[in-house]
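First comes the structure, then the notes that go with it.
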Amino acid sequence: MLPKSNIVYFDMCGIVGYIGSRDAFPILVKGLKRLEYRGYDSAGVALLSETNQLNVYKVKGKVSGLEEYVEGKDISGTIGIAHTRWATHGEPSQTNAHPHLSASGQLALIHNGIIENYTVLKEKLQKKGYTFKSSTDTEVLIQLIGYIKESGNFDLLTAVRLALKEVIGAYAIAVIDKNNPDEVIVARKSSPLVIGIGENEFFIASDATPIIEYTDQVVYLEDEDIAILRRGEPLKVVDFSNVELNLEVKTTELNLGQLEKGGFPHFMLKEIIEQPDCLKDCMRGRLRVQENEVILSAIIDHKDQLIQAKRFIIIACGTSWHAGLIGRQLLENFCRIPVQVEYASEFRYSNPVVGEGDVVIAISQSGETADTLAAVELARQKGAFIYGICNAVGSSIPRSTHTGSYIHVGPEIGVASTKAFTGQVTVLALLALTLAQVKGTISGEELKEILKELEVLPEKMKKALDANEQIAFLSKIFTYAHNFIYLGRGYNYPVALEGALKLKEISYIHAEGYPAAEMKHGPIALIDAEMPVVVIATRNSLYEKLLSNVQEIKARKGRAIAIVSEGDKTISGIADYSIELPETLEALDPLITTIPLQLMAYHIAVCKGKDVDHNPGIWQSQ
Ligand code: M6R
């Protein structure tokens, strides 16, 4: 069963806030610790002290480091906001950590999400003489609120309302004002925020985890809600036009264990289910459907190096390498640039022919994989231009590259890479489309068709996730299989490899991924009534070929599990089981077809009683 709709699905940073009669600091720190499961790289707190000082303390690193940092400092106050940051704009550092302050130092703000138009807003403020200490989008927002408040002589609520009207993007924010120790203003859009209602006190958090030990009465803010939390007054919520809204106070029945994983039994399932939201975050600000263009800011200053490249060499390990195989097809198809894909662990020891004129694309979720990092260093020394595609901001690989793009899917905590894979494929697609635009190797019509499809893909992913219950059922049937074969062709061949890797990694079942046509060159001998064969056979240019493959499997009495497009009758009619998925463009198919394979690996591992989120293998090879 998937969790109910009011459960938080996805967000990166952690927000905690408090206003009431208790000391705020211990509540805030405990709350941040409760949110540590989300992953973060820095932490900070802002407190309005008994003497009306606004004290802000921030550290790069752990919440425990923050506790050490404040030793001997003034942490008094019954109102405060606190934050754990997962870097999206600017490296992890004390300066970039939240809270951020307005120019006058009167206002402090914490923020989850991404302000898409922050460069435009920043330039506007710079023209008015504002300067910025950090590289964050968040500082731009608080400076904007401060500017509006001071120039219009508005109260904080009005300033926040007017500022948010100018903002494009996703946010959950909490703001305090040094001159008003009795009020916190919070707001949200596309980024979750929960308010806990206690006895003359309020708690704020990005999910209910930090709140439930104090109260079970919670309000989940809706998009574009602004909440006013004032001492001695009931909670009030208004919209952007200051019209008061009705509140729905809910009684939460969740316990702490459930909440840490957003109500899911495992991080892996949570991360699979998050993918539609991750996809949106990954494309946010990059996809401009109306203008028929893709903007990857990393490319702007390096266009020439990239389009004049004599070839691309993609280096990566594991799942990231599979994303690289899809990247090769995307780049070759759309940009007509030759691409080779190498295991970083082989590349680094192979005395590779690489040098000036080559562009190396390093793909890594963690940004810390030792082989990938070493391969990057080697290619760099030999004169190649390095482009990184990573998730963990400020990690070693992005720091070693000339430029690159983050996938922005949030921390991946489960050992099996899921949302990072779809994020990597998405960025590779955006990279291919950006370069194809510049090179003129794609027509305006074709580009439009792909961009429109990318825009609706999160919804299609959601539909693909509807197969969860069916897959959970199927997984029970196949739990006792000792071997699995996964077959795919074209864009879905790497998906077959990825499906097999997922199964091996978490269920400990031997599995092989193959390009479907290769089956007849030997592996077909393995197929008998004991062998489940997963065939990715969605409706595309290779459909007829895959139909023949399924017929061959059935001729050998193999058990065919077909991944097909909605409404398919032909292959579904032959296969033992079929899982229907929404149809998409062939080049984007992996973003949909990967989902049932992730779910199947997950459910089989659960049925086998395996520790889904961890494995004892060596993760970082040397
Ligand atoms: O962090 P990276 O993307 O560099 O990690 C590479 C592999 O270790 C990783 O993708 C691994 O294969 C996954 N855990 C598989 O699910």
How many residues of region 412-432 are near the ligand (Cβ under 8 Å from one of its atoms) and of a type in the set (A, V, I, L, M)? The answer is 3
When only residues in region 374-396 that are within 13 Å of the ligand (Cβ to nearest atom) and closer than 25 Å to D304 by Cβ count, which is surrounded by the most Cβ atoms within 10 Å (Cβ to Cβ)? I389
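For (1) of a type in the set (S, T, Y); (2) within 9 Å of the ligand (Cβ to nearest atom), each residue gets a yes or a no:
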residue	(1), (2)
V339	no, no
S345	yes, no
N351	no, no
S364	yes, yes
Test: V606 is assigned to a strand (DSSP E or B), of a type in the set (A, V, I, L, M), crowded, with 17+ Cβ neighbours inside 10 Å and more than 15 Å from the ligand (Cβ to nearest atom): no
Those residues of region 27-43 which are outside any helix (DSSP H, G or I) and out of contact with any Leu (no Cβ under 7 Å at 6 or more places or on another chain) amount to L35, G39, Y40, D41, S42
Name the single residue that is nearest to T95 (Cα to Cα) among those in region 105-163 being under 31 Å from the mean Cα position of the chain (by Cα) and of a type in the set (F, W, Y). F132
Can you tell me which residue among T131, T78, T119 is in contact with a Ser or Thr (Cβ under 8 Å, 6 or more places away or on another chain) and among the polar types (S, T, N, Q)? T78
Report those helices (runs of 4 or more DSSP H) wholly inside region 444-528 carrying at least 1 residues which are within 16 Å of the ligand (Cβ to nearest atom) and in contact (Cβ under 8 Å) with a residue 60 or more places away in the chain. 493-507
Taking region 9-62 and keeping residues among the acidic types (D, E) and either more than 18 Å from Q94 (Cβ to Cβ) or at pLDDT 90 or above (or both) leaves D11, D23, E36, E50
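Among the β-branched types (V, I, T), modelled with pLDDT of 95 or more and in a helix (DSSP H, G or I), is that true of I110? Before the answer, list the steps.
Details: among the β-branched types (V, I, T): yes; modelled with pLDDT of 95 or more: yes; in a helix (DSSP H, G or I): no.
Judged against the criteria, I110 is not a match.
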Of the numbered conditions (1) surrounded by 21 or more Cβ atoms within 10 Å (Cβ to Cβ); (2) farther than 17 Å from S395 by Cβ; (3) within 16 Å of the ligand (Cβ to nearest atom), L330 fails exactly one; give the number of that condition. (3)
Filter result for R399 (more than 14 Å from the ligand (Cβ to nearest atom), closer than 24 Å to G39 by Cβ and not in a strand (DSSP E or B)): yes
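Please count how many residues of region 88-119 are hydrophobic (A, V, I, L, M, F, W, C) and surrounded by fewer than 24 Cβ atoms within 10 Å (Cβ to Cβ). Please lay out each step first, then the result.
Within region 88-119, the subset hydrophobic (A, V, I, L, M, F, W, C) is 97, 101, 103, 107-110, 114-115.
Next, from what is left, pick out any that are surrounded by fewer than 24 Cβ atoms within 10 Å (Cβ to Cβ): 101, 103, 114.
Selection size over region 88-119: 3.
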Any residue at all in region 343-365 that's modelled with pLDDT under 95, buried (at least 24 other Cβ atoms within 10 Å of the Cβ), outside any strand (DSSP E or B) and touching a strand residue (DSSP E or B) at 6+ places or on another chain (Cβ under 8 Å)? yes
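Report whether or not L465 is farther than 15 Å from R284 by Cβ, within 21 Å of the chain's Cα centre (by Cα) and surrounded by 24 or more Cβ atoms within 10 Å (Cβ to Cβ). Lay out the reasoning, then the answer.
Working: farther than 15 Å from R284 by Cβ: yes; within 21 Å of the chain's Cα centre (by Cα): yes; surrounded by 24 or more Cβ atoms within 10 Å (Cβ to Cβ): no.
For L465, the condition - farther than 15 Å from R284 by Cβ, within 21 Å of the chain's Cα centre (by Cα) and surrounded by 24 or more Cβ atoms within 10 Å (Cβ to Cβ) - is not met.
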Just one listed residue, out of I114, I75, I79, I110, is β-branched (V, I, T), farther than 24 Å from H408 by Cα and touching a residue at least 60 places away in the same chain (Cβ under 8 Å), and it is I79
Considering region 310-327, residues that are in a strand (DSSP E or B) and of a type in the set (V, I, T), and then whichever is farthest from the ligand (Cβ to nearest atom), we arrive at I313
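Considering T434, T403, which residue is in contact with a Gly (Cβ under 8 Å, 6 or more places away or on another chain) and among the polar types (S, T, N, Q)? Full working, then the answer.
Working: T434 fails: in contact with a Gly (Cβ under 8 Å, 6 or more places away or on another chain).
Within the list T434, T403, the selection yields T403.
Here are D304, D358, D371: which of them is within 16 Å of the ligand (Cβ to nearest atom) and among the acidic types (D, E)?
Numbers: D304 fails: within 16 Å of the ligand (Cβ to nearest atom); D358 fails: within 16 Å of the ligand (Cβ to nearest atom).
After ruling out the rest, the residue left standing is D371.
E71: modelled with pLDDT of 90 or more, more than 23 Å from I173 (Cβ to Cβ) and surrounded by 18 or more Cβ atoms within 10 Å (Cβ to Cβ), yes or no? Lay out the reasoning, then the answer.
Details: modelled with pLDDT of 90 or more: yes; more than 23 Å from I173 (Cβ to Cβ): yes; surrounded by 18 or more Cβ atoms within 10 Å (Cβ to Cβ): no.
Spelling it out, it is not the case that E71 is modelled with pLDDT of 90 or more, more than 23 Å from I173 (Cβ to Cβ) and surrounded by 18 or more Cβ atoms within 10 Å (Cβ to Cβ).
The values are calculated or read from the model by the stated rules, or taken from the named source; none is laboratory data. Everything numeric in this text was worked out from a predicted model, so none of it was measured. Because the Cβ atoms are built from the backbone with ideal geometry, glycine has one as well, and the counts that use them run over all protein chains shown.
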